[in-house]
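Only one structure is covered here, and it is reproduced in the block below.
Nothing in this text is a laboratory measurement; each read-out follows from the coordinates by a stated rule. All figures in this text were calculated on a predicted structure; none of them were measured in a lab. No Cβ is skipped: glycine too gets one built from the backbone with ideal geometry, and neighbour counts run over all protein chains shown.
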4 protein chains.
Amino acid sequence: MTDEQEKSTVEPIRVGVLGARGRMGAEVCRAVDAAADMDLVAMVDQGDWLFNAADAGAEVVVDFTTPDVVMDNLQWCIDQGISAVVGTTGFTEQRLDQVRGWLERKPGVGVVIAPNFGIGAVLMMQFAARAARHFESVEIIEQHHPRKLDAPSGTATHTARLVAAARAEAGLGPTPDATKDEVAGARGAEIDGVRVHAVRATGLVAHQEVLFGTLGETLTIRHDSYDRVSFMPGVLLAVRAVRTRPGLTLGLDALLD
Amino acid sequence: MTDEQEKSTVEPIRVGVLGARGRMGAEVCRAVDAAADMDLVAMVDQGDWLFNAADAGAEVVVDFTTPDVVMDNLQWCIDQGISAVVGTTGFTEQRLDQVRGWLERKPGVGVVIAPNFGIGAVLMMQFAARAARHFESVEIIEQHHPRKLDAPSGTATHTARLVAAARAEAGLGPTPDATKDEVAGARGAEIDGVRVHAVRATGLVAHQEVLFGTLGETLTIRHDSYDRVSFMPGVLLAVRAVRTRPGLTLGLDALLD
Amino acid sequence: MTDEQEKSTVEPIRVGVLGARGRMGAEVCRAVDAAADMDLVAMVDQGDWLFNAADAGAEVVVDFTTPDVVMDNLQWCIDQGISAVVGTTGFTEQRLDQVRGWLERKPGVGVVIAPNFGIGAVLMMQFAARAARHFESVEIIEQHHPRKLDAPSGTATHTARLVAAARAEAGLGPTPDATKDEVAGARGAEIDGVRVHAVRATGLVAHQEVLFGTLGETLTIRHDSYDRVSFMPGVLLAVRAVRTRPGLTLGLDALLD
Amino acid sequence: MTDEQEKSTVEPIRVGVLGARGRMGAEVCRAVDAAADMDLVAMVDQGDWLFNAADAGAEVVVDFTTPDVVMDNLQWCIDQGISAVVGTTGFTEQRLDQVRGWLERKPGVGVVIAPNFGIGAVLMMQFAARAARHFESVEIIEQHHPRKLDAPSGTATHTARLVAAARAEAGLGPTPDATKDEVAGARGAEIDGVRVHAVRATGLVAHQEVLFGTLGETLTIRHDSYDRVSFMPGVLLAVRAVRTRPGLTLGLDALLD
């Protein structure tokens, strides 16, 4: 069988993008367009007619819109039998239940909702949670550009909670620390008992290091992100997976296994 | 119930050490002695009577001896119904089969044989193998003291093979590399298609970094080892686990899950 | 004296940009425009009239053009009594002598020609040259995106030469290295006796680490560059300094002291 | 001239060690003994007769004793015309003036007193002070074993002060930081306006990173110390230099140029 024949037998996935003119949406359009196994069939934004996506035969819709329209979008997609990959924020437990309800009536449709499509960030958190139970000590150092408003970052806080939960489950007590004489703040913030340090400097983008230590050795998991384009491999991974995962999938974790 | 009562209900594990006067064995003796849940009941080395360990009621034996005596030690331990944790090298497939045969006749006995008891190194390799399928690029940089004879290190070579296998399984092709004009050696050694760089400098001990990259982001897994004491948490983990894992367990991986 | 009065007494530097529509030139225009102590008075590119810069009263000209026009530009600037900051490449010893000749006749005019306006990169090299004589071991690890054609990078090669020269001057012999058993390339390229390792991975931009080691300690100097905007602080530094440095200045080094 | 002849013309430096049985003193004895250009001629400790060092013809004395005896030792050395390298702590301005007074009467004698003989640490601080004026942002991250009592470390505090002074001299204002929403401590301790983060973990020894950032780039200076043997190259450097530097020299800085 020739390459051409093979190509012709695997149909590209027909993808529509909602929020196509937003920063993330535009990036998704470029990434889908560049992917050999996908066709970008619809680009929809405010003022456009949602049915365009259905008319164009979209099999998967990627939604990077806003919390006020995403629920309507999702209900419509599920009704149309179109699977969806969602990066829009603002999903409460209540909203998730509503999505689950819609999906029950359409057993063939899949929806992936993820707070973070960065594969590197998701793996960093997975590995940190796995390593946590084997090391006496752990600290988190996140580093970001100085325009950031919160310290520590949401990702660092989330990582600290995962690590703390894994330590608790493994029966580990507090990390050893003999500090007697501390200039206030030197030892960082405490999130569920895990110390988190937030560095801010011009020139940085978004970086995080999770440092584990035990007798005579340390293990460090570090993630460096330079660009929102870094979310695209995760979005494409979800687009490829969503049709074969009926129901609601939360987070990229399940797709990475 | 008071603490004292609780302590009295969990009996410490009775541990014997073979090769107790060697560098690793001596470290194991110290570590077992310091562990609250273990009793060091026998220290055996060349010229000592192996039966001391049985007489002292050892439930688990740790063997850091030499390839020429380890098989006799193991056969004796299994016969006595004593579980064993083995860091001695030189295990061929044939030797492992022989151990499996002895264990079949003693269904309650467990044996853990591991080439590397460093939890950090083992996790680094596990994580690297897991991450490998999700990143377009990967390279390994290992750094050691300048007295080391081989380059790259055994751990780096092993990691490269694990990573290459995971890439192949995921259908990933070669890593992108436009290098046209190379000073010989600049791009490192190639192990199963994975580039490995070996740094040697006074002041270094044993370090390894696995760098993964995809669009706009990198993920780095780094292990720093300063001391052979770093193997002790892995040895103690195996001592705690071996009695409840009948049969032969190869490597720490299974014990870390 | 109020802030406003103070501002009015320090006149902004009047700056013209040659090659204003090129990638670097455009960045320079933005940087000059944003600098509180500079006025962007002329943007000149192919097809534009060079005299515009003089007519607009430029005191300093920044030249990011091409080797075939830069000498004409420089001769004209010096004739006009305009100081120049030059990032264009292709300066041979012969060309530099010609510039020196022109400058002799205009004692008030300064010219700064620099191959690298990245302050971080220049300091990295300065510090590496200074540290080199105090450490038994040194290796260089550079990391770049996989579209790069040469390995190692020009900066890494230049750093290696500086380091080698400093070692020779201090009477240091070869770095210790007991490697007997090497997979070809593992120990990197050798540039004047200094080992250089070139890592290539998607997601990387331009990074370099110089690792020094002696008994029980290492010192690492690392530079990470994400964007050509990183050259702008160096360009602005040169613009501020050039009028008070008559004659020819080569490289940013002298301006950083 | 043969090697042997050459050797015979350069006389080894005759070195005595005071505090020879202390942890640092013992290390110094080993280092002097191993140095090809030095002879260890006297090892003196509590209860030993100080005149042994003079009788043995010591030209340089290394003092790692205690604050209560170091002044007597120094006065005696200077009187005897023996130069001294001092790592003992507790030198106030008053004590230093006293040493200067003794030295005035012995113009040929040199004394080097240094709080830190780690060449790597001293260079890290020098480089940090030099880089400080060229970067908008700077933060310090120090990492130590968890038995350390103070946070941040003395070296980190000292580095922060040097950096702050260099920034002030260069007219740099506060580092940019938009943080609005901080979990207490996340942004570290503030030492003269410089943020310092102290990480504590089992497995770490003594490490420090100074991170500088400006538009699109960062420069990182990192020091890793694994062992007190790391102070020996600095001690030997001072022994070699002290006889040709009459008077009092404070710190290693001057010897590194």
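Things worth noting here:
- Quarter of Cα convex hull surface for the protein assembly as shown, i.e. mean projection, nm²: 55.6 nm²
- Summing charges over all other residues whose Cβ lies under 12 Å from the Cβ of B:Gly216, with Lys and Arg as +1 and Asp and Glu as -1, gives -4.
- Qualifying aspartates and glutamates (Cα of each under 18 Å from Cα of B:Lys180; at least 8 residues distant if same chain): B:Glu190, C:Glu142, C:Asp150, C:Glu190
- Residue and distance (whole Å) for the chain D Cβ nearest the axis that superposes D on C: D:Phe127, 2
- Inter-chain Cβ neighbour average for residues A:98-104, partner chain, 10 Å: 0
- Calculated [θ] (222 nm, deg cm²/dmol) that DSSP helices of n ≥ 4 give over chain C, each run adding -39,500 (n - 2.57): -11000 deg cm²/dmol
- Average partner coverage of B:113-119, which counts Cβ from other chains inside 10 Å: 2
- For chain D, diffusion coefficient by Stokes-Einstein and Kirkwood Rh (Cα), 25 °C, 0.890 mPa s, µm²/s: 121 µm²/s
- If only the Cβ of Lys and Arg carry +1 and only the Cβ of Asp and Glu carry -1, the dipole of chain A around its Cα centre is close to 380 debye.
- Counting Cβ atoms of other protein chains within 10 Å of each Cβ in B:164-176 and taking the mean gives 1.
- For the range A:74-179, relative contact order (Cα pairs under 8 Å, six or more residues apart, normalised by length) works out to 25 percent.
- For the range D:1-98, the list of chymotrypsin sites (Phe, Trp or Tyr not before Pro) that fall in a loop by DSSP and count at most 13 other C-beta atoms within 10 angstrom reads D:Trp49.
- Euclidean distance of C-alpha centroids, the range A:159-217 and the range B:158-176, integer Å: 33 Å
- Relative contact order %, chain B, counting alpha carbon pairs below 8 Å whose residues are six or more apart: 22 percent
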